[in-house]
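The values are calculated or read from the model by the stated rules, or taken from the named source; none is laboratory data. Fair warning: this is a prediction, and the values are worked out from it, not measured in the lab. When we count neighbours, we look across all protein chains shown, and the Cβ atoms used for this are built from the backbone with ideal geometry, even at glycine. Only protein heavy atoms, including side chains, enter the accessible area calculation; ligands, DNA and RNA are left aside. Shrake-Rupley method; radii C 1.70, N 1.55, O 1.52, S 1.80 Å.
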Amino acid sequence: MSSSEFEAVIGLEIHAQLLTKTKMFCGCSTKFGSEPNSQTCPICIGMPGVLPVMNKNALEFVIKTGIAMNCTIAHFSRFARKNYFYPDLPKGYQISQYELPICQGGHLVLHTQDGERVIGLTRIHMEEDAGKNIHDNSDKYSFVDLNRAGTPLMEIVTEPEIRTPAEASMFMRKLRSILRYLGVCDGNMEEGSLRCDANVSIRARGELALGVKAEIKNINSFKFVEKAIEYEIGRQERVLLDGGRIVQETRLWDVATGVTKSMRSKEEAHDYRYFPEPDLMPVVVSNEIIETIRATLPELPEDKVKRYVERYKLPLYDAELLTNEQQTAKWFEEALVNGVNPKAVSNWMMGELMRLLNENNLPIDKCKVSPVHLTELIALIDKGTISGTIAKSVFEEMFNTGKRAEGIIKEKGLVQISDEGSIDKIVEEVIQKNLKEVERYKGGEVKLMGFFVGQVMKLSKGKANPAMVNDIVKRKLDGKATDE
Amino acid sequence: MKLSHMNAHELKALLATKEVSCKEIMSSIFDEIDKREYDVAAYIHIRDKKELFTEAEKIDNRRLKADNIGILDGLPISIKDNICTKAIPTTCASKMLENFVPPYDATIIKKIRQADGIIIGKTNLDEFAMGSSTEHSAFKITKNPHNTDYVPGGTSGGACASVAANECIMAIGSDTGGSIRQPASFCGVTGLKPTYGRVSRFGLVAYGSSLDQIGTVTKNVKDTALLLQVIAGVDSLDATSVDESVPNYCDLLSLNGKLTVGIPKEFFAEGLDHEVENAVKNCISLLEKDGHNVIEISIPHTPYAVPAYYITACSEASSNLARYDGVKYGYRATDTKNLMDMYLKTRGSGFGAEVKRRIMLGTYTLSAGYYDAFYLKAAKVRTLIAQDFAKAFELCDIIISPVAPTAAYKIGEKADDPLAMYLGDIYSVIANLTGLPAISVPCGWTTSRLPIGVQLTTRALNEPLLLSAAYRLEQLLATVA
């Protein structure tokens with residue numbers, strides 16, 4: 001058997017920190033990066049006698065996500081305790097959901113090179129985050145920071161329906177996009193507000209039974225989702241090809257070495273002794289509440305993509321790129337005024353605008369160019385006032401200064417030269433200066449045409465109408481040829 | 001009569017006419033503490049005497065100025081030491097929390113302070129409220145004030161002894177499986193476990209969260225109504241508290257009309273002490289003579305109550321007590337090699353034997369492969385027992401029964417026989433499994449001069465009916481005595 005005869009089976013377990021102002025079961029702030037233990041109270045540090053009270057905003061956020069991911073929202077769900085000892089877990093148990101989660105089923109659609117792929121979800125549930133152990137402050141002691149303890153999380157679990165590392169990464173990006181549209185999670189994998197564990201197994205292509213899986217933890221960037229899974233598939237293939245056997249275990253992705261390392265085997269796995277949380281009432285959600293929340297949902301990327309393709313005739317690629325971030329889509333839609341060609345707007349956005357935003361590390365809503373200003377620039381190109389090349393430098397100026405295209409063009413005298421006489425003069429000058437090249441052209445080196453056009457553009461500081469330059473150069477050179 | 005020996009209503013009347021002051025009451029209580037506490041050992045912590053007198057004086061001054069004073073009128077109230085009191089140590093009678101001082105008040109403590117009750121100190125209990133005799137405290141054994149060779153019952157043994165020994169006027173206890181009612185019965189005082197959710201649990205150190213309820217220990221039913229009035233009500237800090245308005249219990253004490261009283265036949269079977277049985281039967285005939293209708297009812301699932309209770313309580317306890325790990329507060333073992341060693345030594349030496357026994361039982365009953373057979377089955381039994389009671393309350397208004405199969409037993413008699421001790425909870429755990437309100441009212445004495453209590457139970461949130469029935473029974477007992 002060779003490695004191409006294997007197929008990977010991948011399921012993801014994603015933890016997303018909810019963007020609520022306060023924690024899941026107490027009133028402490030969820031702000032990131034504060035002084036250790038400055039955002040704690042008797043409830044989130046698990047003092048004796050305290051009780052949790054559910055954050056209703058967190059529930060609303062999870063229901064919102066469930067609706068966006070096509071889940072069934074449970075009318076009756078329940079919190080459960082997940083029991084284990086660890087210093088960053090102040091109560092000795094995590095309040096989570098177990099047998100009755102808030103969202104069940106659901107799916108996400110991916111547009112891959114091989115077409116549409118529907119990835120099923122198992123569930124989404126609510127839970128609280130743990131704190132953080134700090135080991136590098138002292139040789140003798142470890143410290144515990146409980147600022148994060150009790151931060152609301154949702155866990156999103158997919159069915160084992162992902163087949164390639166690329167799909168897994170695509171899933172994560174799409175999920176991130178949806179969460180950000182909903183405003184429920186900032187999707188920052190590096191800061192840990194979006195975390196992903198991957199269950200990976202392989203089997204012979206065509207086999208229906210699942211292979212033994214390994215759970216990969218500590219994947220903390222989009223790039224590593226793909227790399228870690230890719231490594232793990234390769235590792236499992238090598239084990240099987242060498243006649244070995246995969247063992248069920250938890251493995252850690254090691255960023256430094258780019259490999260996964262065994263953390264604990266199934267035998268060492270915790271028995272979490274789940275049982276219903278007696279301190280909280282079951283969560284009862286009526287149809288009315290679900291519909292009220294549904295009404296607050298924005299148009300989601302998937303629907304936008306459809307609309308952009310159908311109504312604006314954009315290629316799928318453009319539509320996906322423009323809708324990935326809500327602010328980008330908003331910018332695009334605001335530019336669709338004055339009968340502008342949507343594809344022209346898309347080209348400018350995906351090209352120059354994205355390039356400059358990336359170079360300056362700016363979010364689109366902080367961009368000095370307004371969508372309407374871009375349409376003005378496009379109109380000037382269409383009218384022939386400036387050439388496409390000049391437009392690029394005009395756009396850059398607009399980006400840096402916030403000035404409008406027309407002003408820049410006037411100020412810098414960038415109006416395109418479209419008068420035949422003026423161009424004729426420049427062409428003549430170029431020909432006179434380059435008689436040797438004229439000879440060579442006549443001798444059959446027709447590719448020198450480009451050289452002449454280039455010289456003319458240079459001499460006109462790029463302002464000459466390129467189409468006219470082309471015409472005139474050709475006419476003159478060829479004319480000269482017939483003259484003699 | 002000494003002030004310390006009077007009940008809350010008698011003292012309130014004297015305070016209202018300014019015949020006595022809070023300071024005089026406090027002073028009388030301290031006389032009694034000086035006399036009795038050495039033998040009875042009701043308290044783990046008594047607050048600084050000077051501080052208490054200052055508090056009493058302040059209330060007296062306000063009364064002189066005709067300021068509004070809360071309905072607790074500056075009366076000294078003891079608090080079971082598993083209820084958090086800001087700036088006052090809260091130990092749960094455990095080495096684990098020996099030096100723990102909460103930075104917050106339990107909701108009911110706030111309410112008592114607002115009602116101008118004076119918290120005099122913290123009473124002894126079985127460690128983390130696990131036990132039935134107050135012998136399982138890490139610090140001391142509380143004795144029965146009626147005979148100090150006998151246990152006061154438990155786990156609110158300190159609370160009940162403090163009231164019975166006149167070392168306070170009223171007390172707050174907690175009841176997870178009879179922990180207020182059984183010691184009230186043993187000590188000859190009135191003990192109420194309200195409906196689950198009627199009183200906020202915020203600040204009550206959890207043992208079995210779905211069973212735990214804070215309640216009152218008083219000298220009579222009228223005082224019970226007074227103290228319940230203060231502590232009852234919904235609490236935004238306790239999601240399991242019930243959002244129902246609080247009736248005026250004190251005004252609803254007189255019984256209107258005749259009751260149908262149910263006697264569960266399963267409760268008068270084998271194992272019930274004859275003196276206890278006779279005392280309860282006496283109550284039944286008094287009620288019958290008073291014109292109430294007495295009928296036999298059945299609670300068929302009674303035999304499963306004790307196992308269901310211990311499985312549920314221990315399962316929840318195994319999780320509730322996980323937070324005592326030496327990391328954040330409380331006891332931490334010294335000289336430990338690594339994290340696991342720290343956990344093992346801290347929990348191994350910080351908890352007493354009974355607590356460790358219940359943590360182990362609960363860990364087992366929640367474990368993979370055993371959960372369905374134990375925890376889940378116990379949950380089903382709870383539902384079945386609740387259905388038994390729902391059916392019974394279609395036929396009757398009040399259920400009357402013993403509180404415990406016996407009166408108080410000797411110290412040490414059952415301490416090493418946990419099973420025998422667990423079986424003593426047979427009549428009391430049912431109110432916790434079902435969440436129903438139940439009260440223990442003193443109803444007689446054994447030949448060896450130990451008190452006997454009778455238990456009344458009624459429908460959820462119907463404390464007014466429960467208290468008025470108990471009040472009537474109390475009056476009937478007083479006439480014959």
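Summary of computed values
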read-out: Centre separation in Å (Cα based) which lies between segment A:218-272 and segment B:306-323; value: 37 Å
read-out: Cut-off 14 Å between beta-carbons: net charge of the residues surrounding A:ASN133, Lys and Arg +1, Asp and Glu -1; value: -2
read-out: Charge tally in the Cβ shell below 14 Å around A:ILE289, where Lys, Arg are +1 and Asp, Glu are -1, A:ILE289 excluded; value: 0
read-out: Cross-link reach list, aspartates and glutamates versus B:LYS337, counting only Cα pairs under 18 Å and skipping chain neighbours closer than eight places; value: A:ASP139, B:ASP325
read-out: Greater than 24 Å apart at Cα, pairs in B:LYS328/B:LYS356; A:LYS82/A:LYS227; A:LYS56/A:LYS366; value: A:LYS82/A:LYS227; A:LYS56/A:LYS366
read-out: With every protein chain in place, segment B:210-258: carbon and sulfur % of accessible area (1.4 Å); value: 45 percent
read-out: Shielding by partners - mean other protein chain Cβ count within 10 Å, residues of B:97-104; value: 2
read-out: Accessible solvent surface per residue of chain A, calculated while the other protein chains remain in place, 1.4 angstrom probe, Å²; value: 48 Å²
read-out: Over chain B, relative contact order from alpha-carbon pairs under 8 Å, at least 6 apart, %; value: 17 percent
read-out: Sulfur and carbon atoms: percent of accessible area, segment A:113-250 [1.4 Å]; value: 48 percent
read-out: Separation between Cα centres of segment A:118-185 and segment B:331-402, rounded to whole Å; value: 32 Å
read-out: Long-range HN-HN contacts of A:GLY49 with modeled amide H, under 5 Å; value: B:ALA206
read-out: Cross-link pairs A:LYS91/B:LYS80; A:LYS132/B:LYS345; A:LYS91/B:LYS122; A:LYS447/A:LYS474; B:LYS58/B:LYS111 - those with Cα-Cα distance over 21 Å; value: A:LYS91/B:LYS80; A:LYS132/B:LYS345; A:LYS91/B:LYS122
read-out: Most to least packed among B:368-374, B:77-83 [average Cβ atoms within 10 Å]; value: B:77-83, B:368-374
read-out: Rough spin-label spacing in nm, given labels placed 7 Å along Cα→Cβ, for A:GLU291 and A:ASP186; value: 3.7 nm
read-out: Accessible surface of segment A:420-483, 1.4 Å probe, proportion on carbon and sulfur as whole %; value: 55 percent
read-out: Total accessible surface hidden between B and A, rounded to 100 Å², 1.4 Å probe; value: 2700 Å²
read-out: Contact order relative to length of segment A:175-278, as percent, for alpha carbon pairs under 8 angstrom and 6 or more apart; value: 20 percent
read-out: Listing of segment B:320-347 residues, each with accessible area lower by at least 30 Å² in the full protein assembly than in the chain alone (probe 1.4 Å); value: B:ALA322, B:ARG323, B:VAL327, B:LYS328, B:TYR329, B:LEU339, B:TYR343
read-out: Amide H within-cut-off set for B:THR123, under 5 Å, with H built and near neighbours excluded; value: B:ILE44, B:ILE79, B:LYS80, B:ASP81
read-out: Summed side-chain charge close to B:TYR375 - residues other than B:TYR375 whose Cβ falls under 12 Å, Lys, Arg +1, Asp, Glu -1; value: +3
read-out: Stretch gain in nm, segment B:LYS380-B:HIS9, where the contour uses 0.36 nm per residue and the Cα spacing is subtracted; value: 129.2 nm
read-out: Kirkwood Rh in Å, taken over chain A so that all alpha-carbon pairs contribute; value: 27.0 Å
read-out: Distance in nm between pseudo-label sites at A:ARG205 and A:ASN360 (7 Å out along the Cβ direction from Cα); value: 4.9 nm
read-out: Per-residue mean of C-beta atoms belonging to partner chains within 10 Å, peptide A:48-59; value: 6
read-out: Using a Förster distance of 22 Å, the FRET efficiency for A:GLU411-A:GLN432 (Cβ separation, nearest 0.05); value: 0.10
read-out: Residue-span extension gain [A:GLU5 to A:ASP478] - 0.36 nm each, minus C-alpha spacing; value: 164.1 nm
read-out: Per-pair calculated FRET efficiency, R0 = 25 Å: A:ARG173 and A:ILE246 via Cβ, rounded to 0.05; value: 0.30
read-out: Protection proxy ranking, peptides B:295-303, A:12-20, average beta carbon neighbours within 10 Å, highest first; value: A:12-20, B:295-303
read-out: Largest-first principal axis extents of the Cα set of segment A:301-412 (Å); value: 43, 31, 19
read-out: log₁₀ of I(q)/I(0) at q = 0.07 Å⁻¹ - the protein assembly as shown, Debye sum with one point per alpha carbon; value: -0.72
read-out: Accessible area of chain B divided out per residue, in Å², using a probe of 1.4 angstrom; value: 36 Å²
read-out: Shielded by partner chains, segment A:276-292 residues - at least 50 Å² of accessible area, 1.4 Å probe, vs chain alone; value: A:PRO278, A:ASP279
read-out: Packing-based order for A:146-154, A:94-102, using average beta carbon neighbours within 10 Å, highest first; value: A:146-154, A:94-102
read-out: Förster-model FRET efficiency, 41 Å R0, B:VAL294 and B:LYS410, C-beta, rounded to 0.05; value: 0.75
read-out: Measure of compaction for segment B:313-400 (Cα Rg per 2.2 N^0.38 Å); value: 1.58
read-out: Over segment B:1-139, relative contact order from alpha-carbon pairs under 8 Å, at least 6 apart, %; value: 24 percent
read-out: Lys/Arg +1, Asp/Glu -1 at C-beta; the protein assembly as shown dipole; positive extreme among A:VAL430, B:ILE452, A:VAL415; value: A:VAL430
